[in-house]
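> Take this structure first; my questions come after.
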Amino acid sequence: MKPKVAFFDFAGCEGDQLQVANLEEELLTLLGQVEVVSFREVMKEHSDNYDIAFIEGSCTRLQDEDRLKQIRKNAKIVVAIGSCATIGGINSLRNYKELDEVRRTVYGENAKLFDTYAARPIDAVITVDAYVHGCPIDRDEFLQVVKSLLLGKRPDIPTYPVCVECKKNENVCAFERGQYCVGTVTRAGCNSCCVNQGTICWGCRGLVDNPNENSHKEVLIKFGLTVDDAIGKFKLYFGWQEGKR
Amino acid sequence: MKNDNVDIDVHHVTRVEGHGNIYVNVKKGIVERCEWNVPEAPRFFEAMVVGRQWSELHHITSRICGICSIGHTLASLKATESAMGISISEQDLKLRKLALHGENLQSHVLHLGFLVLPDLLGVGSVIPLASSNPEEVKTVFRLHRTANEMSNLICGRTTHPQRLIPGGFSKIPSIKELKDLRKKMQDAIPDLQAVAKLFKSLASKLPDFTRETEFIALTSPDEYALYDGQLASTDTGKTPVNEYLSFTNEYIVPTSTAKWAKHVRDSYMVGALARLNINYDKLSPLAKQVAEMFGLKPVCHNPFMNNIAQLVEVVHSVEDSIRLINELENAGLQPQPDYNKPDIKVKAGRGVGAVEVPRGILFHDYTYNAKGICTKANCVIPTNQNHANIELDMKALVPKLLDKTQKEIELSLEMLVRAYDPCISCSTHYVKVNFV
C-alpha cells in the first residue's frame, strides 16, 4: 500500500508548497509512490488518516498549537518544510519587538482582535522527524528527503556552512566585494544559490549545527565590520535560534 | 425544488492560497447570514520591516507571498527607488517587465490549470485528471514549467527572486539565454491555443452572474499596464499612484485577519478582469482574439469571467515577452559586471511603488530616514481589496441559487471565491465555505 501523505500550512507564504507543485512532471512520478490525502492548496478532499505530514509555516498563535499536536498524533513522520517551519524564518524578525506594539502598528486600535505570540518553528511545539530547509525549499532536496523517508533512511542534510559550497562554485567572496554575508555560519545544501546570482547568503537555512563563531569574528575584524552589521543580518532568519523569543 | 433552509460552512476553502471560510445560513427562504471570513494567522510585515535597511526591504517583503514574490519584490524596489530618487536603465526596465510577465504566466497557469480546471471537469483536484485527461494535464505542466524557467532565468529563482535589487539587477541573462526564452515563448503559443479551446468547451460551466461594481487597475497610454502607470477606476477615472490611499481606504472587520477596502462604492474589484476592463485596447493581437472567442469585452461585470481574463492575459504576456526580447536584441544587450551593485546615494524620503501582480494592483509605501532605515511601511495587497467585493457577490448570488441543492450552492460559492484567485497569505491568508 502506498504511504499516505498530507500537507499543512501555518504562518508562511506557501512558497514551499508551491515548490512541490513546481515539480511538474516529477510530481506525477512522486504521485505514483505516495497517496496525497490532504493538500488544501490543490485539492478539495481531506482525510486525517496519513503516515507522513509535511508542515509549512511558523506557529504564531497559541490557538494553532492544538492543530499541530493533532497532526503529530495522526502522523507517523512529521517533516518541517521551509525556513518558517524549520527555524522560525523571517517571521521571527518580529520577536525582537514588543508584540503589542507590532499589533498596533498593523491593526491600530483594533489590535486586541488579533492574537499572536513570538513566531516559532514547528519543533518548538511538537517533535519533528525531518527537515527540508530553505526559503523557499529546493525541489531536488525535497525529493531527496522524501525518497530517504520512503526507504526508511535518515535524510542526509549537510552539517557544514554555505561557504564550502560557495568556494566550490568559485564565487567572489561577498566580504571581498564589500558586502556582509552569513554564509560562514549558515547550513549548506542550497549550493550557495543566492551568491551564485550575484547577491549574498541571507541565512535562510538557519545556523549550522556548530557555527565557528571565532572564525566569523575574524572575518568581521579583517573586513572592518562591526558587531551591529552582524547582529542586523543575524536577525533576519536566526531570531528564534539565537534565543530571541 | 426550492431550498428553504440552507446551512453552509466551508471551513477553509480549498484550492486557494491561504485560509478563508464561507458561511451561509438561509431560513424559510430568507438569507440570514452570508459571510466571507479570513482567519489566516496574521504576519505583521509592516511592523517587521521598521528598523531594517533599505537594501533588505525587498528581500523581506518578498516573503509576504510565495506565489507573487516577484511582484512584491518589484513593488518594494519601486517604493525604495522612488523614496531615494533612484532611476533604472531602459534595459533593466524591460528585464523587469519580463520578470513580471514570468510571474503572471506562472501564477495564472497554476490557477487555471490546477485550481479552476478541476471544478469545470467535476473533480476535486488535478490529481485524478492526470489519468483521465493526461494530454490536458501535460499541456498545463509544460506551460507552467516554461513560466518557471522564465522566472528563474530573469530573477535567478522561481520564487523569492535574487537578481532584482535596488537600482537594477545583480546579474542579467545573456542574449543567447534570452533568445532561447523567446523560442520557448513562441513554442508555447500552440499549447495556449489548445488550452483556450479546452476552456471554450467548458465555458458553459461558468455561472452567468453579473453584479455591477467598480474596477481599479493601473493604466498607461503606452502599453497594457503591469509594471507602471496611473491609477484608474471605471467609476472615477485617473489618479496619480501617490494618492492611492484615497482609493484603498482600508478598514478592519472583526471576522477577518485581513484588512478590507472600499472606494466610491461599498466594494471594488482588482485583478485580471479589472485590468482587461480598463486596458482592453492595449492587449496584444492574439490575446484580443482569445477574448473575442469568449465574447469577453469591457466592461464585463461577471466575476467568474476573471478566469477567462487570466487566460487572455497569459496569451498577452507570451506575445509581449517576445516583443520585449526583440527590443532588447535590437538595442544590443549591454553587459554589466558580475555581482553588480548599483551605486546608491541613501537619503531620507517616502516612496510609493504600485505594480499589477497576478491578483491585482499591489502597493508598497515606505518612509526612510537619512540613514536609509525604514521608519514606516504600508502594503496594500490585491486580495484585501477584493474581500468586500467577494462578500457582496456572495450576497447577490445566494438568492439566485436557492432552487439548487446545498452541494451545488456550495460549489458555486467556492467557484466564485476561486475565480478571484485569492491569495490569503498575502492578505494575511484565507478561503473556506461554512454553511452554518
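The values are calculated or read from the model by the stated rules, or taken from the named source; none is laboratory data. Small disclaimer: the values here were computed from a predicted structure and weren't measured. Heads up, the Cβs are rebuilt from the backbone with ideal geometry, glycines too, and the neighbour counts pull from every protein chain shown.
> Which condition does residue B:77 not pass, out of (1) more than 21 Å from residue B:361 (Cα to Cα); (2) more than 10 Å from chain A (Cβ to nearest Cβ), if it passes all the others?
(1) is the only condition that residue B:77 fails.
> On to the next question. Against the definition (in contact with a His (Cβ under 8 Å, 6 or more places away or on another chain) and within 12 Å of chain A (Cβ to nearest Cβ)), how does residue B:106 come out, yes or no?
yes
> Report yes if some residue within the stretch B:162-170 is of a type in the set (Phe, Trp, Tyr) and more than 14 Å from every other protein chain (Cβ to nearest Cβ); otherwise report no. Walk me through how you get there before you give the answer.
Taking the stretch B:162-170 first, the residues of a type in the set (Phe, Trp, Tyr) are B:169.
Add one more test, that the residue is more than 14 Å from every other protein chain (Cβ to nearest Cβ), and what stays is none.
No, every residue in the stretch B:162-170 fails to be of a type in the set (Phe, Trp, Tyr) and more than 14 Å from every other protein chain (Cβ to nearest Cβ).
> If you don't mind, there's one more thing I want to ask. Taking the residues in the stretch A:184-199 that are at pLDDT 95 or above and within 19 Å of residue A:213 (Cα to Cα) as candidates, determine which candidate is nearest to the other protein chains (Cβ to nearest Cβ).
Out of the qualifying residues, it is A:186.
> Could you say which residue among B:15, B:43, B:63 is charged (D, E, K, R) and under 17 Å from residue B:162 (Cβ atoms)?
Selected residue: B:63, the only one of B:15, B:43, B:63 that is charged (D, E, K, R) and under 17 Å from residue B:162 (Cβ atoms).
> From the residues in the stretch A:10-29 that are facing another protein chain (nearest Cβ under 7 Å) and hydrophobic (A, V, I, L, M, F, W, C), which one is surrounded by the fewest Cβ atoms within 10 Å (Cβ to Cβ)?
Filtering the stretch A:10-29 for residues that are facing another protein chain (nearest Cβ under 7 Å) and hydrophobic (A, V, I, L, M, F, W, C), the one surrounded by the fewest Cβ atoms within 10 Å (Cβ to Cβ) comes out as A:28.
> Residue check, residue A:45 against (1) at the interface with another protein chain (Cβ under 7 Å from one of its Cβ atoms); (2) in contact (Cβ under 8 Å) with a residue 12 or more places away in the chain; (3) farther than 16 Å from residue A:143 by Cβ, all met but one. Which one?
Only one criterion is unmet by residue A:45, namely (2).
> Out of curiosity, is residue B:309 outside any helix (DSSP H, G or I), crowded, with 20+ Cβ neighbours inside 10 Å and either at pLDDT 95 or above or in contact with a His (Cβ under 8 Å, 6 or more places away or on another chain) (or both)?
Here the answer is no, as residue B:309 does not meet what is asked.
> Also, quick follow-up: Return the residues of the stretch B:227-278 that are assigned to a helix (DSSP H, G or I) and among the β-branched types (Val, Ile, Thr); say none if nothing qualifies.
The answer is B:241, B:248, B:278.
> If I ask for residues that are in a loop (DSSP other than H, G, I, E, B), among the hydrophobic types (A, V, I, L, M, F, W, C) and closer than 18 Å to residue B:181 by Cβ, which ones from the stretch B:326-364 would you list?
Within the stretch B:326-364, B:333 is the sole residue that qualifies.
> I've got another one for you. State yes or no: is residue A:39 more than 11 Å from chain B (Cβ to nearest Cβ) and either touching a residue at least 60 places away in the same chain (Cβ under 8 Å) or buried (at least 17 other Cβ atoms within 10 Å of the Cβ) (or both)? Give the steps one after another, and end with the answer.
On the way: more than 11 Å from chain B (Cβ to nearest Cβ): no; either touching a residue at least 60 places away in the same chain (Cβ under 8 Å) or buried (at least 17 other Cβ atoms within 10 Å of the Cβ) (or both): yes.
When the stated conditions are applied, residue A:39 does not pass them.
> A further question follows. Scan B:55, B:76 and give me the residue that is in a loop (DSSP other than H, G, I, E, B) and within 26 Å of the chain's Cα centre (by Cα).
After applying the criteria, what remains is B:55.
> Are any of the residues in the stretch B:118-129 at pLDDT below 95, acidic (Asp, Glu) and surrounded by fewer than 22 Cβ atoms within 10 Å (Cβ to Cβ)?
Looking for residues that are at pLDDT below 95, acidic (Asp, Glu) and surrounded by fewer than 22 Cβ atoms within 10 Å (Cβ to Cβ), one finds at least one in the stretch B:118-129, hence yes.
> Against the definition (closer than 22 Å to residue B:363 by Cα, surrounded by fewer than 21 Cβ atoms within 10 Å (Cβ to Cβ) and more than 11 Å from every other protein chain (Cβ to nearest Cβ)), how does residue B:70 come out, yes or no? Can you show your working first?
Values: closer than 22 Å to residue B:363 by Cα: yes; surrounded by fewer than 21 Cβ atoms within 10 Å (Cβ to Cβ): no; more than 11 Å from every other protein chain (Cβ to nearest Cβ): yes.
The answer is no for residue B:70.
> For the stretch B:105-173, please list each of the helices (runs of 4 or more DSSP H) lying entirely inside it that holds at least 1 residues being free of Cβ contacts under 8 Å to residues at least 12 places away in the same chain.
Fully inside the stretch B:105-173 and qualifying: B:126-132, B:134-155.
> Looking at residue A:216 and the list (1) within 23 Å of residue A:93 (Cα to Cα); (2) within 14 Å of chain B (Cβ to nearest Cβ); (3) in contact (Cβ under 8 Å) with a residue 12 or more places away in the chain; (4) assigned to a helix (DSSP H, G or I), which single condition is not satisfied?
For residue A:216, the exception is condition (2).
> Assess whether residue B:86 counts as being crowded, with 19+ Cβ neighbours inside 10 Å, assigned to a loop (DSSP other than H, G, I, E, B), at negative phi and away from chain A (no Cβ under 14 Å).
Criteria met by residue B:86.
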